[in-house]
Each structure stands twice: as C-alpha cells, then as structure tokens.
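Novice: Questions regarding the structure given below will be posed in turn.
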Amino acid sequence: MNENLVARVENLSVAFGSDGEAPVVRDVSFEVGRGQTLAIVGESGSGKSVTSMAMMGLIGRAGGRVVSGSMHLRTGDGALIDLVSAPESLLRRLRGSAMSMIFQEPMTSLNPVFKVGAQLVEAITQHKRCNRASAEAQALRMLDLVRIPDARQVMGRYPHELSGGMRQRIMIAMSLVCEPTLLIADEPTTALDVTVQAQILRIIKELQDSLRMGVIFITHDMGVVAEVADDVMVMKRGETVEHGAAKEVLLHPRQPYTQALLAAVPKIGSMRGSDLPAKFALVDEPVAQGQQDAPRAPDYQGAPILSVESLSIRYDLRGGILGKVQRRVHAVESIDFQIYPGETLALVGESGCGKSTSARAVAGLMPIQGGNILFQGRNVGALDRAELKALRRDVQMVFQDPYASLNPRLTIEQSLLEPLLVHGIARGDAARRQVAELLERVGLGAEHAQRYPHEFSGGQRQRICIARALTLSPKLIIADEAVSALDVSIQAQVINLMQDLQKERGIAFLFISHDMAVVERVSHRVGVMYHGRIVEIGPRRSVFENPGHAYTQRLLSAVPSADMNVERKPFTLMSEAVPSRIHAVGHQAAAMQYREVAPGHFVAISAVA
C-alpha cells in the first residue's frame with residue numbers, strides 16, 4: 001500500500017445472517033490518503049454505516065460479517081495492519097488511538113452510568129502514557145475546543161443530563177483526543193446547529209492538517225460534503241454508484257441518482273419572496289411535481305391551539321454532604337409564543353439552548369417553574385391524570401433520538417399498535433391495516449412490521465417514530481429534530497407527508513430543528529432561541545429575509561452550501577464568552593425587551609445574561 005495512504009478498502013462485501021447470501025454491502029472499494037477527506041453519501045440503508053462498522057471491526061457485534069474483500073490501515077508508526085484478519089486484542093488497541101469513530105447516535109454511544117469526565121479520562125489513559133491529572137487537563141482542553149460551556153461542570157455530569165447536541169460534541173471530543181491517523185465520522189454534525197457545526201468542521205480540519213489525519217466523513221448533508229470533502233463516493237443499496245473528486249461529482253454528476261440527490265437538497269434562500277411553506281422535490285420525481293399543492297395559510301383570526309406564556313424551567317444542582325440545592329440551571333427563561341391550527345412554528349437555535357426542554361414541557365412531560373402552557377384554552381399544568389391521557393392523544397411528540405424512543409423488545413407492529421390499543425381507537429385486523437398503511441406512508445413496506453428496531457438504520461427508525469406519532473391523528477405534533485437523521489430523499493418524503501396531513505386535517509406543528517434550509521421550507525413562523533431565551537420571532541419570510549438579531553444573522557451565515565461555485569467565506573470562531581446559565585438559588589433574570597421591526601416580527605433589544 002502506498003506510503004501516503006492511511007486506509008485502503010478493496011472489493012468489500014458485508015452480509016448479515018448465517019447464510020450470507022444477500023450482502024448489504026457489495027464490492028465497495030476506496031482509498032483515503034494522509035490529510036485527505038473522503039465523503040460517503042447516500043440514502044439511509046445504503047450501506048454507509050455498515051462499511052464504517054466493518055472497518056472498525058465492530059460489524060460482528062451487530063450480527064454481520066465480512067464475506068469478501070480486504071481492508072488495510074496504516075498506523076502512526078508506519079505499521080500496515082490487515083483489519084480483516086487482525087485479532088480482537090489488536091483491534092481493541094487500535095480503536096481510539098490509530099483509528100477512531102464518531103458514532104451516529106451519541107445518546108446510545110456514551111455510557112449512561114459514568115460521568116462524562118470519567119469517560120473522557122478513560123479514553124485518554126487507555127491509549128496515552130499519562131497520569132489522571134494530565135488526562136483531565138487534556139479532556140478539558142478538548143471540551144473547550146468543541147465549544148462546551150462550563151466544561152468543568154459538564155465533566156461532572158451524566159450523559160442523560162445533557163442535550164443531544166452537547167452529547168454529540170462530547171463524542172467528537174472523545175474521538176479526537178487521542179489524535180488518530182484515521183477518523184471515521186458517521187453523521188458527526190447531525191445533532192448540531194449550524195454555528196457549532198461550522199466550528200466542529202473547522203476543528204476537525206485543523207487537526208487533520210496538523211496530524212495529516214485521514215477522514216472518512218459519512219453524511220447526508222451535501223452542504224457539508226462541499227465544505228470538507230476532497231473525494232466523494234455515492235452509495236445506493238450497498239453498491240458504489242459514483243466515485244470521484246468532490247468538485248467533479250457535485251458540479252458535474254454523471255449518474256441520474258447523484259443528480260436527483262443533489263436536486264433534492266434544500267437550499268437556503270430558495271423561498272425568498274414566498275410567505276407559505278412549499279413541498280420538497282422528491283428524488284424520483286421532477287421538481288415541479290414536488291412543489292404542487294402547497295399548504296394553505298393558517299387562520300390567525302381564531303384562537304391559538306397552543307399558548308405558551310412566560311415559560312420558565314430550571315434544574316437544581318445539589319452538593320455537599322446533605323445534598324442541598326446550591327445552584328440552579330436556568331434552562332428556559334420566560335419565553336412566549338403561540339401556535340394556530342394548521343400552522344407550523346419552528347424553534348431554532350444551538351444545541352442546549354432550551355428547544356427540546358420547551359417541547360417536553362408543552363407535551364406535559366416536564367414540570368415547569370414559572371408561566372403557563374395552554375392547549376385549547378386548558379392549562380396543561382393543572383390537568384389530572386385522565387385529562388393528561390386525553391391531552392396526549394391530541395399532542396404527540398417525535399423525539400430526537402429514534403433508538404431510545406422505540407422499545408427494543410417490541411416489533412415495529414407492536415410499537416405502532418400500542419397507542420391505538422391504549423386509547424381504544426382500533427383493534428384486531430383494523431388496527432393492523434392502519435399500521436400497514438402508516439408504514440407505507442412514511443416510506444416503509446408492510447413487510448417491515450415484524451422486525452425489531454435494531455434491524456433498521458437510524459433514518460428508518462426515525463420514520464417509524466413519525467408513523468407512531470400519526471397513529472392517533474393528533475391536533476398538534478411536536479417534531480424534535482424529527483428529520484435531522486434522515487437523508488435528503490427520505491427527509492423530503494417525511495416533510496411532504498407532514499404538509500399533506502396539515503392540509504387534510506389542520507394539524508399544527510411545533511418543528512424543532514437546527515437545519516435552517518429545512519426550516520425555511522417548512523415553517524410559517526420562526527422563533528430563534530439563544531441560551532434559554534427567544535431572541536427573535538416572527539413570520540418566516542420576514543425573519544429569513546430581514547434578520548434583526550445578531551445571533552439570527554450568525555445562524556444564517558453559517559449554513560453550508562452544496563454549490564461548489566459559491567465562494568467560501570472563512571467562518572470565524574466565536575470570541576465572546578459563552579454566558580453561563582448556572583445561577584445562585586433565588587436569582588431572578590432580567591426581563592427581555594423587544595421591538596417590533598415588522599408586523600408580527602419581534603427582536604430582542606436587551607442582552608442575554
């Protein structure tokens with residue numbers, strides 16, 4: 001193998017099951033050079049993650065095996081390792097040091113029973129000769145690099161106490177801390193907002209340049225591909241469809257499938273001049289067809305279906321021998337918004353800003369410390385158990401982590417039947433027919449009904465979660481990063497389905513996302529959250545075309561473009577201190593002041609503290 005290569009894969013085939021007659025990856029070949037980035041793109045289930053798991057020697061734990069082909073890795077000291085025949089003891093030493101992987105699902109990749117700091121320190125001490133104090137210093141430095149606020153405090157927390165985006169940043173820090181020669185990044189920025197994504201991409205690039213590290217970047221975000229990739233490999237159904245230099249593939253794709261994927265990518269600014277959302281073009285349909293039957297405008301003359309008034313949520317931080325409350329995290333601070341029937345309100349902002357916390361409170365899943373949540377005029381906080389059950393039939397939630405929100409012991413059919421049976425909507429064959437229809441509507445066949453969650457890719461699991469939310473025909477659906485794990489083709493199908501249901505049934509959506517291009521396409525109004533506060537809210541067209549707050553402007557400027565002809569402006573890392581949201585008991589935050597810059601468009605004029 002050439003000295004300038006860090007990894008080579010030749011004719012790799014991977015199969016699941018004992019017979020191995022139907023490989024899920026077939027004859028895949030590629031090389032990764034020192035300091036080079038190979039982007040692997042394709043729809044969910046195309047074999048991207050299976051290929052990476054095979055390289056890490058982890059495919060056997062998922063029930064798969066390498067049927068044929070070869071994989072070689074060159075370590076930092078120049079040794080050439082045959083990854084197919086290497087014993088597990090050697091692979092264990094290589095994982096984390098010579099080759100490292102950022103996994104697709106940070107919620108399930110971190111150990112829930114150990115604190116974050118202990119896990120980072122363990123990763124360092126396993127592969128580097130250093131004492132605990134030195135390892136802790138290195139861990140803190142990496143957390144600072146990936147923009148974790150209050151890094152020392154975070155070191156002492158458990159994974160479940162952090163947001164999805166925060167956990168993803170910790171996974172990235174853990175993967176980079178031992179300075180591997182090959183980094184496999186499986187959807188590393190999926191759970192991150194665009195500003196943190198831009199910073200993480202820059203950090204990976206800087207480390208790559210300094211260490212001459214090879215990177216395999218698995219993603220469905222074509223904007224990220226254009227930003228980081230030297231070469232691009234497009235996969236479909238386990239095979240390579242197109243492979244070449246990034247500029248050549250993105251500007252002059254030869255295969256119809258690659259052309260369709262690029263055409264389906266949502267582009268920021270494509271909705272300029274339009275007040276209403278628009279449907280996406282589908283990979284297998286012309287653009288014009290995807291844009292027909294646009295949703296109609298909501299009725300703003302009637303009463304809102306949801307009103308959130310001065311909502312505040314805090315978490316207690318305990319310490320000392322008696323475990324007394326010493327400080328509080330101000331997760332959400334006095335936010336207000338309304339959603340009307342048939343309307344989509346999008347909440348955007350960086351990970352950890354309070355979007356998901358607010359959504360859980362709206363669904364009645366979290367206690368609040370101040371304010372009111374009114375659903376159809378009823379105070380959610382004052383409902384008894386029976387009324388809460390009725391509320392959850394009308395308010396459904398699609399959670400951020402599709403794996404953790406599906407019971408691993410139930411088949412998909414059983415998971416989808418459960419809400420129908422609990423609420424007495426349908427039973428027997430009628431319920432099963434409804435489940436089959438829902439699976440078809442989210443792009444899965446009825447034959448998938450008897451499978452278990454671990455048999456699906458991340459994107460497929462998220463579609464199952466969306467199908468489950470639709471079983472009760474709710475009036476409000478809270479979609480918490482519901483399409484962030486999906487490739488562009490499935491993302492288009494799911495969002496188009498949401499818009500169809502909104503038009504047919506008048507469903508309202510609280511759409512939580514960090515993907516500004518998707519938000520621009522799907523929402524009627526947008527609220528921008530920053531450190532627990534809403535700093536800007538208004539009609540989507542007004543917010544996107546005339547952003548009034550500096551943070552909104554920053555979000556929009558950080559969105560990567562898939563157009564290789566667009567001049568890349570260097571992204572500047574944030575230099576200002578990240579405001580802490582940990583305060584003394586009894587601290588009362590100052591009220592936010594707003595000014596109306598356009599009809600219904602409000603911008604904060606006071607600083608977030």
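Novice: Viscosity 0.890 mPa s, temperature 25 °C: what is the translational diffusion coefficient of the stretch 99-185 from Stokes-Einstein with a Kirkwood Rh over Cα pairs, rounded to a whole number of µm²/s?
Specialist: 192 µm²/s
Novice: Follow-up question, since we're still on this one. Less than 21 Å apart at the alpha-carbon level, and either on another chain or at least 8 residues along: which lysines does that give for LYS475?
Specialist: Counting by Cα, and skipping residues close in sequence, LYS475 has these lysines nearby: LYS279, LYS355, LYS389, LYS503.
Novice: Choose one of VAL442, ALA469, PRO419: the residue whose Cα lies farthest towards the positive end of the charge dipole of the stretch 407-501 (beta-carbon charges +1 Lys, Arg; -1 Asp, Glu; about the Cα centre).
Specialist: Highest projection toward the positive end goes to PRO419.
Novice: Give the Debye-formula value of log10 I(q)/I(0) at each listed q (0.11 Å⁻¹), with one equal scatterer per alpha carbon of the stretch 234-373, two decimals each.
Specialist: For the stretch 234-373, the Cα-only Debye profile gives -0.72.
Novice: Something else about it: Restricting to bridges with both residues inside the chain, how much of the DSSP beta-bridge set is antiparallel, in percent to the nearest 5?
Specialist: Roughly 60 percent of the beta bridges in the chain run antiparallel, per DSSP.
Novice: Between the stretch 364-380 and the stretch 423-449, what is the C-alpha centre distance in whole Å?
Specialist: Centre-to-centre (Cα) distance: 32 Å.
Novice: Is it possible to state the helix-based mean residue ellipticity at 222 nm for the chain, with each DSSP H run of 4+ residues giving -39500 (n - 2.57), the sum divided by total residues, to the nearest 500 deg cm²/dmol? What is it?
Specialist: -9500 deg cm²/dmol
Novice: A further question follows. In degrees between 0 and 90, to the nearest 10, how far off the longest principal axis of the chain does helix 194-211 point, with axes built from Cα atoms?
Specialist: 20 degrees
Novice: What does the charge count near ARG34 come to, summing +1 for each Lys or Arg and -1 for each Asp or Glu among other residues with Cβ under 12 Å from its Cβ?
Specialist: -2
Novice: Rounding to the nearest 10 and keeping the result within 0 to 90°, find how far the Cα-based axis of helix 488-505 lies from the longest principal axis of the chain.
Specialist: Helix 488-505 sits roughly 20 degrees off the main axis of the chain.
Novice: State log₁₀ I(q)/I(0) for the stretch 1-98 at q = 0.12, 0.19, 0.23 Å⁻¹ as given by the Debye formula over alpha-carbon point scatterers of equal weight, solvent excluded.
Specialist: Once normalised to I(0) and log-transformed, intensities are -0.38, -0.95, -1.33.
Novice: Ok, one more. Would you tally the net charge around ALA390, using a Cβ to Cβ cut-off of less than 15 Å, leaving ALA390 out, and scoring K and R as +1, D and E as -1?
Specialist: Combined, the nearby Lys, Arg, Asp and Glu give +3.
Novice: Another one. Where Lys and Arg each count +1 and Asp and Glu each count -1, what net charge lies around GLN588 among other residues with Cβ under 13 Å from its Cβ?
Specialist: My count for the surroundings of GLN588 gives +1.
Novice: With r defined as the distance between the Cβ atoms of ASP230 and ALA137 and R0 fixed at 22 Å, what FRET efficiency is calculated, to the nearest 0.05?
Specialist: In this case the efficiency is close to 0.10.
Novice: Given Cα pairs under 8 Å that are at least 6 residues apart, what percent is the relative contact order of the stretch 9-149?
Specialist: 19 percent
Novice: Further question: Once amide H atoms are placed 1.01 Å from N in the peptide plane, what residues at a sequence separation of 5 or more from GLY47, or on another chain, have their amide H within under 5 Å of its amide H?
Specialist: Hits under the 5 Å cutoff: GLY238.
Novice: Jot down the radius of gyration and Dmax of the stretch 202-288, Cα atoms only, both in angstrom.
Specialist: Over the stretch 202-288's Cα set, Rg and Dmax evaluate to 15.6, 48 Å.
Novice: Another question about this same structure. Write down Rg/Rh for the chain, rounded to two decimals, with Rg from the C-alpha atoms and Rh from the Kirkwood relation over Cα pairs.
Specialist: Taking Rg over the Kirkwood Rh, I get 0.95.
Novice: I'd like to know which of ALA15, MET142, CYS130 lies farthest towards the positive end of the charge dipole of the chain, counting +1 on Cβ of Lys and Arg and -1 on Cβ of Asp and Glu.
Specialist: Looking along the dipole axis, the top candidate is CYS130.
Novice: Now for a separate question. What is the extension gain from ILE582 to GLN376, computed as 0.36 nm multiplied by their sequence separation minus the C-alpha to C-alpha distance, in nm to one decimal?
Specialist: 70.8 nm
Novice: Roughly how large, in nm² to one decimal, is the mean projection of the convex hull of the alpha-carbon atoms in the stretch 295-391?
Specialist: 8.3 nm²
Just so you know, all these numbers are worked out from the coordinates, no wet-lab data involved. Because the structure is predicted, anything quoted here is derived from the model rather than measured. As a convention, Cβ positions derive from the backbone with ideal geometry for all residues, glycine included, and neighbour counts pool all protein chains shown.
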